[in-house]
Structures are given as C-alpha cells and as structure tokens.
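> Dumping the structure here so I can ask a few things about it.
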Amino acid sequence: VEVKIEVVIPEKERSKEEMSPNGKASPLIYKVNGTARHYHLEEHPIASNPYHNPKDVVEASVCHVKDLENGQMREVDLGCGKALLIKESGEFHAVGHKCPHYGAPLVKGVLSKGRVRCPWHGACFNIGTGDIEDFPGLDSLPRFQVKIEKEKVYIRASKQALQTQRRTKMMAKCISLSNYNLSSTNVLIIGAGAAGLVCAETLRQEGFSDRIVMCTMDRHLPYDRPKLKKWLFLQSMDSHPEQIALRPKEFFCTYDIEVLTEMQVAAVDIKNKIAVFKDGFKMEYNKLLIATGNTPKALSCKGKEVENVFNIRTPEDANRVVKLATSKNVVIVGASFLGMEVAAYLAERAHSVSLVELEEVPFKKFFGERVGRAVMKMFESNRVKFYMQTEVSELREQEGKLKEVVLKSGKVLRADVCVVGVGAVPATGFLKQSGINIDSKGFIVVNKMMQTSIPGVFAAGDAVTFPLALRNNKKVNVPHWQMAHMHGRIAALNMLAHGMEISTVPYLWTAMFGKSIRYAGHGEGFDDVVIQGDLDELKFVAFYTK
C-alpha cells in the first residue's frame with residue numbers, strides 16, 4: 001500500500017515552510033523495507049518567528065556584554081521565569097536553566113565544548129540547540145533568542161517555555177495505523193524501561209512513520225525506576241504509579257507508540273521473525289529490540305515462601321513495604337545499592353533496621369574497602385545494625401507471616417518485614433533456544449551498534465554486554481539508568497542504518513542520609529584507590545586505578 005499525502009500551503013506562507021529543521025527540502029521521506037514513505041512532523045519546522053502568540057513572548061535586557069567572560073554561565077531573570085545565559089567562543093546562547101530530568105540548576109553544572117552537563121546526574125545538552133545529547137532524561141531544553149543592542153544582551157523567550165523549562169523534540173506519527181494487521185508490526189520492543197522507551201521516541205524523532213509496538217510484563221506504562229528504588233516518590237502512603245510515569249498516557253496516543261501491558265514474550269522465532277507470547281498470541285516483526293532488563297534473585301533458604309518478604313520490583317511492592325515497615329522490625333538481606341537505599345529510607349521510619357551481608361563491608365567490590373567502611377560508618381550512626389559475613393539460613397513465620405530471620409551464624413533477628421536485595425540475573429531465559437548469542441551468565445552479547453548476532457535484532461539495557469570504548473572495547477555489563485537510555489538511542493539509530501557506535505561514559509548516582517554518591521567510568525578490576533579529601537567527613541573524590 002502506498003499512501004500519498006499532499007499539503008497545500010498559501011503562497012505567503014510557502015517560503016517559511018519550504019525548509020525542514022535539518023535544512024533539507026520538505027516533506028521528508030523515510031525508507032522502510034525499500035519503500036518510500038512520507039511523514040509529517042508533529043511540530044512545524046522552525047520559521048523566522050518561532051513565537052506564534054505575541055502575548056506569550058517576553059523580551060528583557062539581562063546584562064551588559066562585558067558581564068560574562070568566555071566559558072561563563074549565568075542564571076538570569078526575565079520577570080516571568082529564568083533562563084541560563086551562556087557565553088562561549090565570543091557568542092551568547094540562552095536555554096532553559098533547569099535540567100528537565102529532576103530540575104537541577106544547570107548554572108552549577110559544567111560547560112565544555114558547546115555543551116552544558118547537569119551537576120546532579122550528568123545529562124548533557126547542546127547550548128546551541130538545547131537538544132539532549134547524553135542522558136538520563138527524555139526532554140531537551142527550550143532555546144531562546146539572544147540579541148545584542150548598544151552593548152546590552154537581550155533575551156526573547158516564550159513565557160510557556162520559561163515556566164515548563166523543557167522541550168519535547170519534534171516527532172513523526174504513524175501513517176495509516178488502522179490499515180495494519182494487529183499481529184504484525186515493523187518494530188517490536190520487548191521491555192518498557194528506559195531503553196525501550198528511548199528507542200521508540202528516537203525512531204519517531206528521526207521520522208520513522210511505521211508501526212511501533214512495545215510490550216511489557218508490567219501493569220503500568222514506562223515509569224522512572226530510580227525513583228521507585230530511591231524512594232523519592234514515597235512522600236505519602238497514597239502514592240500512585242502515575243506519579244513516576246516517564247510519559248503520560250496521552251503521549252503514547254499522540255505519537256502512535258503502542259504499549260501492551262501484562263504481556264510476556266515466551267519465545268522468539270528469529271527465522272520467521274515472530275515473537276510468541278505466553279498466552280499463545282503471535283506477532284510478526286521486521287526489527288526487534290530486546291530490553292527485558294533483569295530479574296531479582298530470590299532467597300533459597302527454608303521458609304522463603306512466608307508473607308512479607310519482598311523483592312522491590314513494582315510501585316505496589318514499594319508502597320506495601322513502607323506501609324508494613326513503619327514502626328516495625330525490618331531485615332534487609334544484601335548490602336547492594338537497593339538494600340542500602342532501602343535501609344537509609346526506612347531508618348527513620350522503622351522501629352529497627354538490620355542489614356545482612358555476605359561481604360566484609362558494603363560496596364567492597366564496587367567502591368573498595370575504605371570507601372565501603374566510611375559508608376558503613378554513616379549507616380551505623382543512623383541506627384542501622386549490620387550483620388556481615390553471614391547469610392540467612394531460615395525465615396520463621398507465625399500464622400503465615402514473617403516473625404524471625406535466622407542467620408547461619410546462629411543469630412536470630414526479629415522481623416516483621418524482609419527486603420531482599422541480593423542481586424539480579426538477566427531476564428533472557430526465553431531466548432535460550434532462539435539462536436541469539438548469549439554468554440555464560442545469560443547476558444545478550446551485542447556490538448557497538450547494539451546489534452546482536454542476528455541481523456535486525458538489537459538488544460539494550462541491563463540484559464546486555466557491550467564493548468566499552470574507554471576500556472579498550474572490553475565487553476561489560478553496565479546496569480545503569482543513564483546507560484539504558486543511551487543503549488535505546490543507539491539501537492534506534494542503527495535500526496535506521498545510521499551506523500552509530502556507542503561511546504558514552506557510564507555514570508550512576510545514589511543518595512543516602514542526605515549524602516550523594518556519584519560515580520563516573522567503569523572501575524572493574526581496580527587494584528588501588530587514590531583518595532583526595534576527607535573520607536571520614538564523606539567529602540572526597542576516589543580514583544579507581546589499575
């Protein structure tokens with residue numbers, strides 16, 4: 001089927017609409033399976049005047065041209081909102097002043113080579129366009145007009161953009177969605193985390209106008225997992241998944257990104273390009289992204305089936321743990337990021353918090369012994385009791401509900417709630433007979449373009465190992481939120497044959513008792529740690545060396 005759309009533009013408007021944002025003649029055409037398909041962007045190309053409603057526009061003098069040196073940034077007030085004014089290479093630029101991810105003040109970030117990087121979580125924005133170029137986060141910054149008159153710097157901005165401080169990139173829509181067979185799609189994305197969503201959005205941003213289907217075992221649309229894990233959204237007992245949704249329901253409808261919830265893929269037939277679901281439903285695909293993430297490990301001890309033992313996986317799990325743990329005895333098994341963050345959150349709410357760990361100190365393999373001990377000391381000063389170098393041998397119940405946790409050391413801990421954070425395994429069991437290359441630990445092996453061993457099949461996120469450029473292309477697994485975003489973007493661009501290789505620097509963050517730990521790079525295999533600063537005061541930088 002060939003669909004042809006013709007748009008007639010009045011003569012006086014034609015000159016404005018003639019060019020697309022990328023400078024090529026419009027309308028744009030995207031080829032899929034060798035067939036040319038026209039598409040139209042959801043937003044109009046940038047015309048000479050981007051502010052259609054004069055009442056929505058504010059213009060203000062913000063400083064003298066000599067007030068800023070090259071390489072400097074300043075937050076400026078336009079009366080109805082703020083902007084970030086930047087001077088680099090003799091030119092002024094103005095963009096939104098808050099990171100769209102969690103609202104960090106970008107003036108405290110780092111300016112380098114035409115980019116500003118968020119001081120909290122490392123998202124990176126182009127100062128000329130406002131576009132997001134490194135993650136986490138989905139939205140870009142609004143960009144404002146700057147002009148110089150009589151040695152003064154003026155900014156002209158949309159009031160709405162000043163208030164929202166975010167901009168969603170232009171996206172295509174699906175053409176003739178009603179003509180598609182329900183059991184076939186051009187792109188099928190298995191998994192609805194950050195990697196899957198960014199892949200779908202990137203395809204639409206690049207003008208892909210064919211069908212996109214995402215499927216997930218979750219009951220919910222894609223949500224912000226770090227907010228779930230780091231407990232930022234649990235300000236009340238009535239928190240709802242919608243509060244941590246990455247995009248509202250309307251977004252998926254607007255851009256024709258279909259999401260099938262509570263749908264589990266049981267097998268993939270790569271020869272016939274068919275995904276088989278657990279309920280027997282089959283869906284044909286042309287391109288496939290596997291972004292299934294991981295599955296938390298469960299305890300294997302006696303009594304593991306008793307009530308009130310949790311792996312934090314869903315918003316419902318998180319809310320239930322908080323409700324049950326308030327003023328009660330909590331035992332956390334595993335000094336992982338999850339276990340430590342849960343302990344930090346519950347320390348002020350529970351009657352007691354005990355943490356059981358097989359290692360000698362928390363985070364020893366990741367942060368080293370010295371940093372691990374400093375973190376442990378902070379927890380102990382906040383009423384968290386550690387039981388190290390031991391494991392759980394039994395969970396005891398009373399009337400079906402957890403009552404005690406018995407350790408192999410012989411110690412018996414009172415427990416009303418138990419949270420298990422002993423690691424995870426890649427959720428790739430359904431691929432064992434598929435022919436896709438999977439390593440001995442269950443991770444999907446991909447190249448720098450997120451391509452698996454099978455043409456047209458890509459993988460991204462926590463379930464993959466990929467070549468890390470800064471470690472001489474060593475195959476690594478980096479289960480970070482930021483990295484999942486980038487995986488999804490790279491996979492989408494290579495579905496469209498852009499030949500884009502991944503080269504980003506891994507980055508993670510965590511927050512405990514008001515202290516933020518940020519980690520850049522990949523220090524696996526370090527044999528020395530160089531500390532600068534005061535470790536006891538937790539004001540330090542640690543360099544992991546080999």
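The values are calculated or read from the model by the stated rules, or taken from the named source; none is laboratory data. A quick note: this is a predicted structure, and the numbers were derived from the prediction, not measured. All Cβ positions, even for glycine, are placed from backbone atoms using ideal geometry, and neighbour counts span all protein chains on display. Calculation scope for accessible area: heavy atoms of the full protein, side chains included, ligands and nucleic acids excluded. Shrake-Rupley method; radii C 1.70, N 1.55, O 1.52, S 1.80 Å.
> Of the cross-linked pairs Lys328/Lys385; Lys278/Lys441; Lys365/Lys475; Lys364/Lys475; Lys302/Lys475; Lys297/Lys432, which ones have a Cα-Cα span greater than 26 Å in the structure shown?
Pairs exceeding the cut-off: Lys302/Lys475.
> Quick check: from the Cα gyration tensor, does the stretch 324-368 come out rounded (a/c under 1.5), prolate or oblate? Write out the running numbers ahead of the final one.
Details: a/c = 3.20, a/b = 2.26, b/c = 1.42.
Verdict is prolate for the stretch 324-368.
> Continuing with this model, one more query. Keeping every protein chain in place, order Glu316, Glu201, Glu399, Glu501 by accessible area at 1.4 Å, biggest value first, i.e. largest first.
Putting Glu316, Glu201, Glu399, Glu501 in descending order of accessible area: Glu399, Glu501, Glu316, Glu201.
> With a/c under 1.5 counting as rounded, go ahead and sort the stretch 52-162 into rounded, prolate or oblate using the C-alpha gyration tensor (a ≥ b ≥ c being the square roots of the eigenvalues; past the cut-off, prolate if a/b is larger than b/c, else oblate).
oblate
> Quick one: if the Förster radius is 60 Å, what FRET efficiency do Lys401 and Asn272 give, using the C-beta to C-beta distance and rounding to 0.05?
About 0.80, to the nearest 0.05.
> Gain in length, Glu59 to Glu133, computed as 0.36 nm per residue apart minus the alpha-carbon separation, to one decimal in nm?
23.8 nm
> Please give the contour-minus-distance gain from Val425 to Val110: 0.36 nm per residue of separation, less the Cα-Cα distance, rounded to one decimal in nm. Write down the numbers at each step before the final one.
Details: separation 315, 0.36 × 315 = 113.40 nm, distance 3.57 nm.
Contour length minus the Cα-Cα distance gives 109.8 nm.
> Can you give the helix-only mean residue ellipticity at 222 nm for the chain, where every DSSP H stretch with n ≥ 4 adds -39500 (n - 2.57) and the sum goes over all residues, rounded to the nearest 500 deg cm²/dmol? Show your work: numbers first, answer last.
On the way: 10 runs with 88 residues, N = 546.
For the chain, the value works out to -4500 deg cm²/dmol.
> For the stretch 303-318 and the stretch 54-110, write down the distance between their C-alpha centroids in whole Å.
That distance is 46 Å.
> Taking a virtual spin label 7 Å from the Cα of Lys385 along the C-beta vector, which residues in the stretch 396-410 bring their backbone nitrogen under 17 Å of it?
Output list for this probe position: 396, 403-410.
> Going Cα to Cα from Lys282, which aspartates and glutamates come in below 12 Å? Please leave out same-chain ones fewer than 8 positions away.
Straight-distance partners of Lys282: Asp269.
> Oh, and also: Considering Cα pairs under 8 angstrom that are at least six residues apart, work out the relative contact order of the chain and quote it in whole percent.
Once normalised by length, the contact order is 11 percent.
> Assigning unit charges at the beta carbon (Lys, Arg +1; Asp, Glu -1) and nothing else, what dipole magnitude in debye, to the nearest 20, does the chain show about its Cα centre?
In total the dipole reaches around 440 debye.
> Same structure, new question: Can you figure out the FRET efficiency of Glu149 with Ala469, using R₀ = 51 Å and their beta-carbon distance, to the nearest 0.05?
Taking R0 as 51 Å, the efficiency between Glu149 and Ala469 is 0.65.
> Can I ask one more? In square angstrom, what is the accessible area per residue of the stretch 254-398 with a 1.4 angstrom probe?
Using a 1.4 Å probe on heavy atoms only, each residue of the stretch 254-398 averages 47 Å².
> If you don't mind, another one. If I model a spin label as a point 7 Å beyond the Cα along the Cα-Cβ vector, how far apart are those points for Ala520 and Lys173 in nm?
Label-label distance for Ala520 and Lys173, simple model: 4.2 nm.
> Given Val529, Gly442, Gly488, which one lies farthest toward the positive end of the charge dipole of the chain, if we put +1 on the Cβ of every Lys and Arg and -1 on the Cβ of every Asp and Glu?
Result: Val529.
> List the residues whose amide H sits under 5 Å from the amide H of Val57, counting only those 5 or more places along or on another chain, with H placed 1.01 Å from N in the peptide plane.
Close amide H contacts, sequence-distant or interchain: Lys159.
> Spin-label point model (7 Å from Cα, Cβ direction): what's the Lys432 to Arg74 distance in nm?
Calculated label separation equals 6.5 nm.
> Which Cys residues of the chain have no other Cys Cβ less than 4.7 Å away and so no disulfide-compatible partner by this rule?
Flagged as lacking a Cys partner: Cys63, Cys80, Cys124, Cys174, Cys199, Cys215, Cys253, Cys301, Cys418.
> Which of the aspartates and glutamates could a cross-linker span from Lys82 if the Cα-Cα distance has to be under 14 Å and same-chain partners fewer than 8 positions apart are dropped?
Candidates past the 8-residue exclusion: Glu59.
> How big is the gap, in Å, between the Cα center of the stretch 501-543 and the Cα center of the stretch 138-187?
If we compute the Cα centre of each part, the gap is 34 Å.
> Measuring with a 1.4 Å probe in the full set of protein chains, what accessible area per residue, in whole Å², belongs to the stretch 66-117? Can you show the working numbers first?
Numbers: 2560 Å² over 52 residues.
Dividing the accessible area of the stretch 66-117 by its residue count gives 49 Å².
> Here is a follow-up. Please report the net charge: other residues with Cβ closer than 11 Å to the Cβ of Arg219, K and R +1, D and E -1.
Residues near Arg219 contribute -3 overall.
> For the stretch 307-421, with the dipole built from +1 on Lys and Arg beta-carbon atoms and -1 on Asp and Glu ones, taken about the Cα centre, which of Phe337, Val419, Asn382 lies farthest toward the positive end?
The one lying farthest along the dipole's positive direction is Asn382.
> Set the Förster distance to 30 Å, then compute FRET efficiency between Glu284 and Met500 from the Cβ-Cβ distance, nearest 0.05.
Values: r = 26 Å, r/R0 = 0.88.
Step by step, r from the Cβ atoms, then E = 0.70.
> Moving to a separate point now. Using a cut-off of 15 Å between beta-carbons, work out the net charge of the residues near Ala459 (Lys and Arg +1, Asp and Glu -1, Ala459 not included). Write down the numbers at each step before the final one.
Numbers: positive: Lys287, Lys432, Lys441, Lys448, Lys475, Arg489; negative: Asp439, Asp462.
Cβ neighbours under 15 Å give a net charge of +4.
> Taking 8 Å as the Cα distance limit and 6 or more residues as the minimum spacing, I'd like the relative contact order of the stretch 52-162 as a percentage.
It comes to 28 percent, rounded to a whole number.
> While we're looking at this one, here's another question. Highest mean first, how do 521-533, 364-376 rank when packing is the count of other Cβ atoms within 10 Å averaged over residues? Write out the running numbers ahead of the final one.
Details: 521-533: 12.8, 364-376: 18.2.
Order by mean packing, descending: 364-376, 521-533.
> Also, quick follow-up: Which label marks the calculated value of Cα Rg over 2.2 N^0.38 Å, given the options [x] 1.13; [y] 1.06; [z] 1.45?
So the calculated entry is the one marked [y].
> Work out how much length Thr545 to Glu91 would gain on full extension: take 0.36 nm times their residue separation and subtract the Cα-Cα distance, in nm to one decimal.
Using 0.36 nm per residue and subtracting the Cα-Cα distance, I get 159.6 nm.
> When only Cα pairs under 8 Å and 6 or more residues apart are kept, what is the percent relative contact order across the stretch 307-421?
Result for the stretch 307-421 is 35 percent.
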